[in-house]
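A quick write-up on the structure given underneath.
Just so it is clear, none of the values below were taken in a lab; they were calculated from the coordinates. Quantities reported herein were computed from a predicted structural model and do not represent experimental measurements. In this analysis, Cβ positions are derived from the backbone assuming ideal geometry, glycine residues included, and neighbour counts consider all displayed protein chains.
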Amino acid sequence: MELGAINTILKTCGWLSVIMGVISLALINITILSGYDLPFANAISVWVFPAVFLGVVSLFNKKSRSLGIWGLGLTLFIGLFVAVIFFIGWSIVPFP
Amino acid sequence: MDSYEKLLSKAKKEDTDYHKSGTKKMKRAINSSRWKIILSTLTVILLIVPTCYMLTFAYYAFGTKSTTLMDVSSKTLYITEPNTTLEEMEFDMDFSLFSMDLSFEQYKQIGDEFYPAKHYDLHFVLNDLVEKEEESKLEKIYPKYPTQKNQWIAHPKQLFVEFDNAKEGRILAGLPDETVVEAYISLDKLYEVKEIENEMKNVDLTWAAIYTGTEDEMLSLDGDVVSPIGYPVQPDNTYWSPFRDSASHEETFLEIMKELLPYEKIAEEVSTHKNLELEERINYLEKNGFETYGVVVTGPKSEIESIRKLKMVRLMKIGEVKLWNWAR
C-alpha cells in the first residue's frame, strides 16, 4: 500500500476517534441535563471503546497523532467521569 | 506546431496542473481546520456539564456531605414533629447540577401500626434548602405557622390555647370503641418522663415534649416564637432511627440538638418551627435536666378516655383516629 493511502487511513481513524468521543460526551450531557437514566447512557461504551482503539491506531503517524491524542483525551475524560461518578456516587448515596 | 510552441504549451499545462493541485491541497487544509475548530468548540462546550456534575458530586462527598443533609433533615423531624418515624429505604436521593433532591416518607404510630403521615420533597442547591414540598396524608393537620397559642401541647403556665378542650372531650366520647386514637396531652405540671410512663401503662407513649426554659410563653430570650421540641419515648430499633440502641433517649436527644447546632438554619427550614433556638435550649437542658410538660400517646379509645380523667392531664387534643388495630 502507498504511504499516502496509509496516511489517509490513519487520519480518518483520528477523525473517527474524535467524533466518537464527542458523541459519547454529547450522550453524557443529554443524560445529565434530562435528569433521567436514559437507556443510551449504557451504550456509551459502544462509542468509547472504538474511539480508544481508533485513537491509538492514529497515534502511529505524525500527521494524525494530534487527532489521536484528542480522541484519546476525550475517552480519558469519559473514563475519569465514570470513575468519579461511580466511586463518589457510592459514598454520597448510602443506599444499595 | 513547431517544437518551441509545443514546449511552451507543455510548460503552461504543467503550471496550470501545479496551481490546481495547490488549490486542492489548500481547500483540504481549510476544510480540515474548519472541522477542527467546530469539533474543538463542541468538545469545550460538552465538557462543561460533566465537569460541573463531577464538581457537584465532589461537593456532596467532601464539602457539605449529602448524608449530613439527610441526617440533619431526619433528626430535625424526630425532635420537632411529635410522633414521627422515618424509613431508611424510603429515602430517595437525586443529584443534578449543583443541587440535590431528597424525598422521603414520614410515618406516625396510630394504635399499634405505623401509617404514612407526610411525603417530603426537599430541594437543596449546594447546602441551601431552596424548596420544600410537603404532601400530608393526615386528617388533622398540625398548625403550619406556629404562634404562641396555636400549639397542641401547652405548658402548664399557658392558660389559653386555640383549641377547645371540652369539644375535644366530646369528640373522643363520640368515637366508637373499636377505634385507636392519637392524643396530644398537656400536663398540669412538669414531670419526669418515667413518671408519665408509669401512669399511662396501657397506651403507647410515642413522644414527650421537653421543657427547655422557653415554653412558658413559647418565646425565646430574644423574643422569638418557638415550638415544642422533644423526643420519641419508646425504644426504636429500626436501623435508621437516631434513637436505635440508645441507652438514654434523653442523652440522645441532647446529642442530636448539639449535632444540629451547626446546621440550625437548615434544620429550621426543614421543620415547621420558625425558630429552634438550639443553643439557648441546650444550655438550659445541661443545667436543669429533662422534664416534660406534654406527651403524645396512642392507644384504644377507651384507654385514652381513662387517661383523660387523670389529674395530671390538663388539656387533650385528639389527633388521628383509625379503625381498631390494637393486637395486644
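For a quick check: sort B:Thr64, B:Thr212 by the number of other beta carbons within 10 angstrom, fewest at the front.
By the 10 Å Cβ count, ascending, the order reads B:Thr64, B:Thr212.
Shape of the range B:169-253 from its Cα gyration tensor (a ≥ b ≥ c, root eigenvalues): rounded if a/c is under 1.5, otherwise prolate when a/b > b/c, or oblate?
Taking the square roots of the gyration eigenvalues as a ≥ b ≥ c, the range B:169-253 is oblate.
Excluding B:Gly111 itself, calculate the net charge of residues whose Cβ lies under 12 Å from the Cβ of B:Gly111, where each Lys or Arg counts +1 and each Asp or Glu counts -1.
Local charge sum for B:Gly111: -3.
Over the range B:38-163, what is the relative contact order in percent, taking alpha-carbon pairs closer than 8 angstrom and at least six residues apart?
Dividing the mean separation by the residue count of the range B:38-163 yields 15 percent.
Sort largest first and round to whole Å: the equivalent ellipsoid semi-axes of the range B:157-299, each the square root of five times a Cα gyration tensor eigenvalue.
Ellipsoid semi-axes (Å, largest first): 26, 20, 15.
Suppose every Lys and Arg Cβ carries +1 and every Asp and Glu Cβ carries -1, with no other charges. What dipole size does the range B:187-277 come out with about its Cα centre, to the nearest 20 debye?
Here the size comes out at about 240 debye.
Report D for the protein assembly as shown in µm² per second (integer): Stokes-Einstein, Kirkwood Rh on Cα pairs, 25 °C, 0.890 mPa s.
Result for D is 92 µm²/s.
Just want the answer: with Cβ charges of +1 for Lys and Arg and -1 for Asp and Glu, which residue in B:Ile141, B:Leu46, B:Thr67 is farthest toward the dipole's positive end in chain B?
Looking along the dipole axis, the top candidate is B:Leu46.
Under unit Cβ charges (Lys, Arg +1; Asp, Glu -1), what dipole magnitude, rounded to 20 debye, does chain B have relative to its Cα centre?
Computed charge dipole of chain B: roughly 2220 debye.
Excluding B:Thr252 itself, calculate the net charge of residues whose Cβ lies under 11 Å from the Cβ of B:Thr252, where each Lys or Arg counts +1 and each Asp or Glu counts -1.
Local net charge: -3.
Going by C-beta contacts inside 10 Å, put B:Thr292, B:Thr16 in order with the fewest on the left.
Lowest count first: B:Thr16, B:Thr292.
For the range A:3-92, just the Cα set please: Rg and Dmax, both in angstrom.
Cα-based Rg and Dmax for the range A:3-92 come out at 14.8, 53 Å.
In whole Å, what are the extents of the range B:78-129 along the principal axes defined by its C-alpha atoms, from largest to smallest?
43, 21, 13
Where Lys and Arg each count +1 and Asp and Glu each count -1, what net charge lies around B:Trp326 among other residues with Cβ under 12 Å from its Cβ?
-3
So, with +1 on the Cβ of K and R and -1 on the Cβ of D and E, and no other charges, what is the size of the charge dipole of the protein assembly as shown about its Cα centre, to the nearest 20 debye?
Magnitude of the dipole: close to 3460 debye.
So how do B:Glu303, B:Glu192 line up by other beta-carbon neighbours within 10 Å, fewest first?
Fewest to most other Cβ atoms nearby, the residues stand as B:Glu192, B:Glu303.
Using Cα pairs under 8 angstrom and six or more residues apart, how large is the relative contact order of the range A:3-92, in percent?
39
Among A:Val22, A:Val82, A:Val52, which one shows the highest mean-square fluctuation when chain A is modelled as a Gaussian network with alpha-carbon springs under 10 Å?
Highest fluctuation among the options: A:Val82.
What is the range B:115-240 by shape, rounded, prolate or oblate, if you read a ≥ b ≥ c off the alpha carbon gyration tensor as root eigenvalues and call it rounded for a/c under 1.5, prolate for a/b larger than b/c, and oblate otherwise?
It is rounded, given that a/c, with a ≥ b ≥ c, falls under 1.5.
Among B:Leu102, B:Leu47, B:Leu254, which one shows the highest mean-square fluctuation when chain B is modelled as a Gaussian network with alpha-carbon springs under 10 Å?
B:Leu47
Pick out which of B:Ile48, B:Ile256, B:Ile141 has the largest mean-square fluctuation in a Gaussian network model of chain B, springs linking Cα atoms closer than 10 Å.
B:Ile48
Evaluate the relative contact order of chain B (contact order divided by residue number), counting alpha-carbon pairs under 8 angstrom at least 6 apart; express in whole percent.
For chain B, the relative contact order is 23 percent.
With 32 Å as the limit, write out which pairs from B:Lys65/B:Lys201; A:Lys63/B:Lys20; B:Lys65/B:Lys317; B:Lys132/B:Lys309 have Cα-Cα distances beyond it, or answer none.
Among B:Lys65/B:Lys201; A:Lys63/B:Lys20; B:Lys65/B:Lys317; B:Lys132/B:Lys309, the Cα-Cα distance tops 32 Å for B:Lys65/B:Lys201; B:Lys65/B:Lys317; B:Lys132/B:Lys309.
Compute for chain B: radius of gyration divided by Kirkwood radius, i.e. Rg/Rh, restricted to C-alpha atoms, rounded to two decimals.
Rounded to two decimals, Rg/Rh equals 1.43.
Going by a ≥ b ≥ c, the root eigenvalues of the Cα gyration tensor, does the range B:216-300 fall in the rounded group (a/c under 1.5), the prolate group (a/b larger than b/c) or the oblate group?
Prolate shape, in that a/c is at least 1.5 and a/b is the bigger ratio.
Can you give me the Kirkwood hydrodynamic radius for the range B:1-101, using every pair of distinct Cα atoms, in Å to one decimal?
One decimal place: 20.4 Å for the Kirkwood radius.
Counting each DSSP H run of 4 or more residues in chain B as -39500 (n - 2.57), what helix-only mean residue ellipticity at 222 nm follows after dividing by all residues, to the nearest 500 deg cm²/dmol?
-13000 deg cm²/dmol
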